[in-house]
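Written out below as structure tokens is the structure these notes cover.
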Amino acid sequence: MARPMRESWTKTEFSKSLSSRPSRNTQPEIFLRRALHSLGLRFRLHRRIGKRLTVDIILPRHRLAVFVDGCFWHGCPAHGHAVKSGPNLSGWVKKFASIKEREQRAEQALSEIGFRTVRLWECAIRSDPVQAARVVLAATEMH
Ligand SMILES: [Zn+2]
């Protein structure tokens, strides 16, 4: 498969603030981990399952993978995909598409090794970490 050409990226204040965001150990991830722990769930962090595929939180005993999805990048209904114009529009569109593609690749890779996937929005975790952890708990009880 041919690699797409690298997009030229115009530096804007907006893109600068996004690229400097940490993608690991984000605040919602930490809130969720704490809440999972308090519900008695045991998990491992940041497991690599393939090329450019890392699972945020994995519960090996329950064969469950949990992803904490950033609202902007993964497009939550309330905060996602706000870029509709500007100098980097086509770059954003490609980025969002490649994130979707990676989400699907991760779920595929996980299901091949018998893991189910739970995705949680950062904003949902922020507003109620315990409720988000309960979603994970419910998923562990589902099989
Ligand atoms: Zn959101």
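All of the numbers you see were taken from the coordinates with simple rules; none came from a lab. Predicted model only: the values in this text are computed from it and were never measured. Glycine also receives a Cβ, built like all others from the backbone with ideal geometry; neighbour counts cover every protein chain displayed.
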- line: Counting sequence-distant residues (5 or more places) and residues on other chains, those with an amide H built under 5 Å from that of Thr117 are Ala65
Vicinal HN-Hα couplings computed from phi for segment 60-77 (Karplus, 6.51 cos²θ - 1.76 cosθ + 1.60; Hz; Gly/Pro x): x, 4, 9, 6, 10, 10, 10, 10, 9, 8, x, 4, 5, 5, 9, x, 6, x
- line: To the nearest 20 debye, segment 32-132 has a Cα-centred charge dipole, built from +1 on Lys and Arg Cβ and -1 on Asp and Glu Cβ, of 360
